[in-house]
Structures are given as structure tokens and as C-alpha cells.
1. Could you grab the pairs with beta carbons closer than 6 Å, sequence gap of 6+ or different chains, first residue in the stretch 370-382 and closer than 13 Å to V395 by Cα and outside the structural domain of S400 (by TED's automatic domain parsing), second one buried (at least 17 other Cβ atoms within 10 Å of the Cβ) and among the charged types (D, E, K, R)?
2. Inside the stretch 159-207, can you point out the residues that are among the acidic types (D, E) and either over 24 Å from V233 (Cβ atoms) or touching a residue at least 12 places away in the same chain (Cβ under 8 Å) (or both)?
3. Which residue out of T116, T52 is within 25 Å of V232 (Cβ to Cβ) and either in contact (Cβ under 8 Å) with a residue 12 or more places away in the chain or not basic (K, R) (or both)?
4. If L249 satisfies all but one of (1) under 28 Å from the mean Cα position of the chain (by Cα); (2) closer than 23 Å to L146 by Cβ; (3) surrounded by fewer than 17 Cβ atoms within 10 Å (Cβ to Cβ), what's the number of the condition it fails?
5. Between a residue in the stretch 132-158 that is within 24 Å of Q221 (Cβ to Cβ) and any residue that is in a helix (DSSP H, G or I) and β-branched (V, I, T), which pairs come within a Cβ distance under 6 Å, given they are 6 or more apart or on different chains?
6. Can we say I230 is outside any helix (DSSP H, G or I), touching a helix residue (DSSP H, G or I) at 6+ places or on another chain (Cβ under 9 Å), buried (at least 17 other Cβ atoms within 10 Å of the Cβ) and β-branched (V, I, T)?
Amino acid sequence: MNEFDSHELHEKIEELLEQKNIKALKALLAEVNPVDVAEALEGLDEKDILLTYRLLPKESAADLFVAADPEFQEVLVKGFSDVELRAVMDEIYLDDAADLIEEMPANVVARILKNTDAETRKSINALLLYPEDSAGSLMTPEYVSLYPSMTVEEAFARIRRDGVDKETVYTCYVTENRKLVGVVSVRSMLVAASGTKISEIMHQNLIAVETTDDKEFVASQFQKYGYLAIPVVDREQRLVGIVTIDDALEVMEDEATEDIEKMAAIVPTEKPYMKTGVFATYAKRIPWLLLLMISATFTSQIINSFESALASCIVLTGFIPMIMDTGGNAGGQASVTIIRGLSLGDVELRDVWRIIWKEVRVAIVCGLTVAPVAFLKVLFIDRMLWATDINGILVALVVSITLMFTIVVSKLIGCTLPLLAKKIGFDPAVMASPFITTIVDALALLLYFGVASSILHI
């Protein structure tokens with residue numbers, strides 16, 4: 001298949017559509033990956049989207065449909081005839097069908113279900129009953145099941161018969177009375193003699209998840225063990241489905257995006273940026289902006305309470321932004337590191353004292369590096385701008401000592417707040433830079449004025 005930039009492909013498809021060169025367009029689509037076609041079709045008129053879709057081979061059309069975003073899928077479904085819709089539903093896997101139904105409006109869902117057979121509807125409804133963030137909602141019931149008593153030859157006969165409609169055949173699951181007892185790969189069967197029993201080559205020491213497990217935990221199991229699929233069992237250890245790597249990767253992407261948005265003080269959204277309207281984007285951002293603005297009242301009150309001190313040594317005012325920014329950056333570094341560690345499973349709540357001890361040492365080293373640099377900066381660079389006779393060495397000393405303590409305090413707060421959030425059941429990502437910066441700003445000012453009062457006697 002040829003590789004095209006999505007913009008170039010979009011323009012090429014538009015050009016061929018304008019020329020009504022259907023033959024050339026069909027040949028082009030046959031050479032391009034359906035996922036790339038789905039991206040390239042965005043922005044075309046609905047009639048052109050449907051025309052292009054109908055030129056795709058049957059299997060490629062189903063792949064494109066699954067790869068498309070919900071708005072694109074809705075356009076296709078509304079334009080399909082019942083025959084076309086039934087053909088698509090026959091081609092896509094059950095977990096993708098369940099995801100489609102969750103995203104569609106009620107009238108579209110009714111039409112989709114109308115064009116699926118009774119058994120498919122039953123399977124889809126079963127998937128939809130699981131909580132949205134659970135392994136049950138993520139799994140597909142389309143897997144190859146074997147029995148321990150089967151021979152390799154019998155197993156391959158079953159794979160040839162049933163594997164066409166399954167999401168994966170590379171790994172097969174061995175069940176006995178519906179209970180999962182082992183797993184065997186096609187590779188293991190290929191190198192075994194045809195009369196070998198499955199029980200002799202299957203692996204019994206396997207990793208499985210339960211239907212109620214959180215989907216983020218399921219995705220972490222793929223990262224940990226490097227599997228292409230993981231079996232899903234119920235409380236009685238009966239095999240009910242599998243989760244495949246493509247679904248796990250989608251979960252990882254969604255979770256990473258959600259964490260980044262929370263760390264940037266944005267309410268998470270499921271829509272891509274370019275497809276989110278101005279007011280929808282505004283609604284996601286304004287709550288945190290208002291909260292952080294109101295929380296900054298504490299900072300203002302601290303500065304107002306030391307107004308007389310600042311009046312007697314006005315030069316101190318110029319260093320407030322530097323101290324607050326350094327504290328916020330130091331706290332942000334620690335918090336993002338710990339939040340990411342919690343997300344990946346690299347750090348856990350039981351590691352709290354080890355984390356604190358490590359961050360204290362890192363903070364001291366950072367502080368000992370920043371403090372003398374700040375001292376020299378204040379003494380030899382900033383002093384040239386002063387219009388005062390205040391002792392420059394004392395001011396430089398106040399700033400450098402404050403920075404030293406601010407970095408230590410900021411890193412302690414930055415590493416402990418995400419752990420505290422995790423402990424009480426909150427998402428650690430909400431304790432990222434904006435939230436921590438607000439707390440650190442207030443503490444940095446208290447330290448600053450405290451040190452200045454002790455050294456400058458103001």
C-alpha cells in the first residue's frame with residue numbers, strides 16, 4: 001500500500017471527484033490504508049463521503065468505518081441503505097459495534113439494532129451492561145476457544161472453521177466447563193506434532209483480568225507483560241471475552257490525554273481540539289481559571305499584610321515574581337514526575353517516605369545550585385537597576401536564602417499532594433502545576449517576608 005500525507009490524499013480525492021474519474025479514484029483507494037482514507041475524507045461533502053466509501057473493497061470499508069470518529073460514522077450510517085448498514089454490522093467486531101452504539105443518537109441506534117441479527121444484538125447488549133470504565137465494556141466475546149483434550153490437528157480444524165469471524169487467532173484460550181484453564185499460541189501448535197494434546201502444550205500460568213477491573217488497569221497489564229490480547233473472566237473464572245492490544249492502546253492514549261488536560265487545569269473532553277466548539281472549550285477551561293483566580297486571593301492578602309515592610313524596602317518587590325515562579329516550577333517538576341509515576345505504576349503509596357527522602361535531597365542540591373547563582377545575579381546584575389542605597393549584599397542574601405527554602409518546600413508539596421490525592425480517592429493529575437503553584441506562591445511569600453524581616457529588620 002502507498003503512504004500518503006492525509007492533506008495530500010484529501011486533495012487528490014477531491015480532484016478525482018471533481019473530474020468524476022471514478023476508475024482512478026477506486027484504484028487509488030485500493031492502494032491506501034483505510035485508516036488514512038478515513039482521515040482524508042474529513043471535510044468532504046456528505047455525498048462525496050458516501051460515494052468514496054462505496055468504492056472501497058468490503059473489508060477495507062469496514063476498517064474505515066471502525067477507524068472513523070463518531071461524527072463521521074453518524075454521517076455514514078444516515079446515508080447507508082439498510083443493506084449497506086447490515087453489511088457493515090456483519091463485518092465489524094462486537095466490541096466496535098458496542099462502542100458505535102454508545103456514541104450514536106437514539107434514532108441512529110434504533111436503526112443499527114434493527115439491521116443486526118438477534119444473536120449480535122444480544123451480545124452487544126451484554127457488553128453495554130458493563131460499567132463504562134471496566135474491562136467488560138472493553139472486551140470482545142469474539143475469541144477462539146479450545147479444549148484440553150483436543151489434538152493440535154483438531155484445534156487447527158476449529159480455528160479454520162471459526163477463526164474467520166474472530167478478532168484474533170494468534171492466541172487461543174483453553175476452557176473446561178467454560179472455565180479458563182490455559183492459553184496456547186498458534187506458534188506453539190505449529191511446531192508441535194499434529195497428534196499432540198492441547199493440554200500438553202498450553203500454558204497454565206496465565207494473566208487474566210476480571211470484568212469489573214478498571215480499563216486503565218487492563219491497559220497497564222499490556223504494558224507490563226507485552227501481550228497482544230488478555231482474557232477476561234467473571235468471578236467464577238469463566239472466560240467471557242478478551243481485550244486486544246488495539247483497544248488497550250486507545251485506553252492508554254485517552255488516559256494520557258486526560259492526565260495532560262487535568263495537569264493543565266482543563267476539564268477533560270472526549271472530542272478532538274479541532275472538533276470542539278468555542279463555547280465548549282470555554283466551558284472546559286473557565287471553572288479552573290475562576291478557582292485559581294479566587295485562590296490567588298491568599299497571595300494578595302499576604303502581600304497586603306507586608307505592605308509596610310515593602311514600603312520601607314521597595315526593592316524587595318522586584319524579586320517576588322522570580323521567587324514565586326521558581327517555587328511553582330520546582331513544585332511542578334516534582335508533581336508531574338510523581339503523577340506520571342503513579343499512572344505507570346512506577347511509584348505506589350507505600351513508597352511515600354522513600355519519595356519524600358529522595359525529593360528532599362534533590363531539592364537541597366537544586367537549592368544549593370540556584371541560591372549562589374541568584375545571589376550573584378542580584379548583587380551584580382539587578383543592583384545596577386536600583387535607585388536606592390540599601391545594602392545589596394543583604395538583599396542578595398535574602399533572595400538566595402528564600403529561594404533555597406522555597407525550592408525545598410515546593411518539591412515536598414509537589415511530591416506529597418498527588419500521593420495524598422491518590423490516598424483519598426482523587427485523581428492525582430488534579431494536583432499538578434496550576435493547583436500546586438497557587439499553594440507554593442503563598443508559602444514562598446511567607447518565607448520571603450519572614451527571611452527579609454529577620455535579615456533586614458523591616
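The values are calculated or read from the model by the stated rules, or taken from the named source; none is laboratory data. For clarity, every value in this text was computed on a predicted model and none was experimentally measured. Cβ sites come from the backbone with ideal geometry, for glycine too, and all protein chains shown count toward neighbours.
1. Between residues of the stretch 370-382 that are closer than 13 Å to V395 by Cα and outside the structural domain of S400 (by TED's automatic domain parsing) and residues that are buried (at least 17 other Cβ atoms within 10 Å of the Cβ) and among the charged types (D, E, K, R), there is no close pair.
2. Within the stretch 159-207, the first condition is being among the acidic types (D, E), and the residues that meet it are 162, 165, 167, 176, 200.
Result: D162, D165, E167, E176.
3. Sole residue among the options that is within 25 Å of V232 (Cβ to Cβ) and either in contact (Cβ under 8 Å) with a residue 12 or more places away in the chain or not basic (K, R) (or both): T116.
4. Checking L249 against (1) under 28 Å from the mean Cα position of the chain (by Cα); (2) closer than 23 Å to L146 by Cβ; (3) surrounded by fewer than 17 Cβ atoms within 10 Å (Cβ to Cβ), the one that fails is (2).
5. From the stretch 132-158, the pairs are A135/V218; V144/I159; L146/I198.
6. yes
Quick grid of which residues meet (1) over 17 Å from M139 (Cα atoms); (2) assigned to a helix (DSSP H, G or I); (3) out of contact with any Pro (no Cβ under 7 Å at 6 or more places or on another chain):
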{"position": "C172", "(1), (2), (3)": "no, no, yes"}
{"position": "T175", "(1), (2), (3)": "yes, no, yes"}
{"position": "V184", "(1), (2), (3)": "yes, no, yes"}
{"position": "R187", "(1), (2), (3)": "yes, yes, yes"}
{"position": "A193", "(1), (2), (3)": "yes, no, yes"}
{"position": "E200", "(1), (2), (3)": "yes, yes, yes"}
{"position": "N205", "(1), (2), (3)": "yes, no, yes"}
{"position": "T212", "(1), (2), (3)": "no, no, yes"}
{"position": "E216", "(1), (2), (3)": "no, yes, yes"}
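Residues are listed down the side, and each one gets a yes or a no for (1) of a type in the set (F, W, Y); (2) in contact with a helix residue (DSSP H, G or I) (Cβ under 7 Å, 6 or more places away or on another chain); (3) over 30 Å from N107 (Cβ atoms); (4) not in a helix (DSSP H, G or I):
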{"site": "E14", "(1), (2), (3), (4)": "no, no, yes, no"}
{"site": "L17", "(1), (2), (3), (4)": "no, yes, no, no"}
{"site": "L28", "(1), (2), (3), (4)": "no, yes, yes, no"}
{"site": "V37", "(1), (2), (3), (4)": "no, yes, no, no"}
{"site": "A40", "(1), (2), (3), (4)": "no, yes, no, no"}
{"site": "Y53", "(1), (2), (3), (4)": "yes, yes, no, no"}
{"site": "D63", "(1), (2), (3), (4)": "no, yes, no, no"}
{"site": "V66", "(1), (2), (3), (4)": "no, yes, no, no"}
{"site": "E74", "(1), (2), (3), (4)": "no, yes, no, no"}
